[in-house]
1. Please pull out the direction-averaged projected area of the stretch 155-297, using the convex hull of its alpha-carbon atoms, in nm² to one decimal place.
2. Kirkwood Rh, Cα Rg: Rg to Rh for the stretch 177-240?
3. Put one equal scatterer on each alpha carbon of the stretch 249-315, apply the Debye formula with no solvent term, and list log10 I(q)/I(0) at q = 0.14, 0.18, 0.23 1/Å to two decimals.
4. Rounded to the nearest 5, what % of DSSP beta bridges with both residues in the chain are antiparallel?
5. Two decimals is fine: what's Rg over Rh for the chain, C-alpha atoms, Kirkwood radius as Rh?
6. Just how large is the dipole of the chain about the Cα centre, in debye to the nearest 20, putting +1 at every Lys and Arg Cβ and -1 at every Asp and Glu Cβ?
7. Rounding to the nearest 20 debye, state how big the charge dipole of the stretch 337-384 is about its Cα centre with +1 on each Lys and Arg Cβ and -1 on each Asp and Glu Cβ.
8. Ranked by Cβ crowding within 10 angstrom, fewest neighbours first, how are 364, 166 ordered?
Amino acid sequence: MTFRVNPRLLYKNIDLLRFTQKRYRVKTKWAATRPKVSSHELALQNFDATYSMQFGELWPSVRVSLLSEQKYGALINNFSGDDTVTQLQSLGCRDFVASSLDMESGDAAQSISDDTCIHLSKVSISPNLRCFVFPKGDTSRFKAARQDSYGCLSYYLMDAASVLPVLALNVQKGQSVLDLCAAPGGKTLALLQTQTIRFLWVNDWSVSRMSRLQRTLLSYLPDQLCSEDKLHFTCFDGRKWQELGENTFDKVLVDVPCTTDRHSLVEESNNIFSRSRTKERQNLPLCQTQLLLSGLQAVRKGGEVVYSTCTLSQLQNQCVVEQAMKVAEQELGIYSEVVDLQPFTSLFKDTFNFAPDMNVGVMVLPHLTANFGPMYFCKLRRLT
Ligand SMILES: C[S@@+](CC[C@H](N)C(=O)[O-])C[C@H]1O[C@@H](n2cnc3c(N)ncnc32)[C@H](O)[C@@H]1O
């Protein structure tokens with residue numbers, strides 16, 4: 001294809017150039033013809049460069065899974081009167097939590113149970129969290145949830161891997177919990193499904209996302225639960241949590257903002273790889289470290305913090321945990337230890353594809369036969 005140039009325009013531009021002092025010249029042509037890479041293309045370039053180094057020969061398989069349709073889980077709403085479970089079972093779905101527990105706790109001598117917790121030899125799990133998934137390799141999709149006669153929805157669709165950080169937090173009966181970055185609220189809802197929490201403080205810095213969270217909770221929970229003293233909502237900068245108090249909670253969930261890898265590869269809107277958000281993206285590891293430090297300050301001695309992200313990035317995962325633990329020790333005198341999640345992951349290995357050889361924390365890697373994740377989580381116990 002050839003372009004015809006209007007000679008009058010060309011000469012006019014040359015004259016302009018000739019009479020413009022060199023220091024006032026702007027490289028408009030260069031700026032206008034600079035190739036426009038969309039945000040999701042930029043994300044893919046970035047991931048190809050970093051993750052091929054990080055994951056080596058695993059990267060092509062993770063890459064194709066990330067670019068393929070994500071698999072969901074249906075988190076059962078225990079507050080709904082609908083009998084959804086039978087319907088989901090008739091579709092061939094299974095509750096991945098219960099089926100893992102059934103396999104592990106078959107030997108009654110190894111397990112002690114009450115209505116809120118099943119204690120296996122090395123790990124305890126809330127049986128009240130029920131999340132149905134289609135079998136491995138089955139890419140069927142769930143229908144939208146239905147309302148029961150009181151207007152409560154029967155299940156919440158989310159990446160089933162998002163339930164794992166909540167299960168790992170292992171809230172015991174009567175405990176207080178802080179959900180530091182809670183919106184849009186999938187994990188908050190999962191926390192409430194455990195029916196063990198005495199008090200839940202739900203925080204998110206974004207006012208609009210927090211109102212979305214509250215609308216979601218209203219469509220899943222009975223009115224009296226939303227209005228009870230049990231729930232407290234704030235829109236506070238979680239990095240400054242120490243201004244609100246320290247050593248308070250039994251458990252803290254720190255589910256931080258991150259590069260949301262799956263979203264960044266498919267969605268142009270609200271994409272963290274857009275040029276206007278470059279600074280924000282570069283600042284993520286610092287912001288994440290500050291949020292985890294807040295979590296370590298907010299939890300009581302002996303209490304536990306789960307840090308989680310939905311990115312594969314080592315810089316936003318292991319490095320943040322290591323850095324926060326170091327700063328907490330050196331500057332705040334807070335010592336913590338990483339809790340071994342190996343018994344936990346072996347419980348769910350038939351449902352999720354866990355990354356091998358992780359030094360700190362656990363990673364669910366997307367895989368075509370089980371296209372959940374990415375989901376990184378690490379559990380810390382505060383010692384001093
Ligand atoms: C990954 S999302 C949380 C997802 C949520 N936990 C869930 O399961 O639905 C991260 C959240 O952190 C919030 N956030 C970002 N910076 C924050 C800050 N400084 N303090 C508290 N929340 C923050 C964002 O508004 C966003 O809603």
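1. Details: hull surface 36.0 nm².
Mean shadow area of the hull around the Cα atoms is 9.0 nm².
2. Values: Rg = 10.8 Å, Rh = 11.7 Å.
Taking Rg over the Kirkwood Rh, I get 0.93.
3. Reported log10 I(q)/I(0), two decimals: -0.49, -0.71, -0.95.
4. Details: 27 of 45 bridges.
Counting only bridges with both partners in the chain, antiparallel ones make up about 60 percent.
5. Expressed as Rg/Rh, it is 1.07.
6. About 2700 debye.
7. Working: 4 positive and 4 negative charges, 36 e Å.
Here the size comes out at about 180 debye.
8. With the fewest neighbours first, 364, 166 line up as 364, 166.
Readers should treat all values here as calculations from the given coordinates under stated rules, not as data from a laboratory. Please read these numbers as outputs of a predicted model, since none were measured by experiment. Virtual Cβ from ideal backbone geometry, glycine too; neighbours counted across all protein chains shown.
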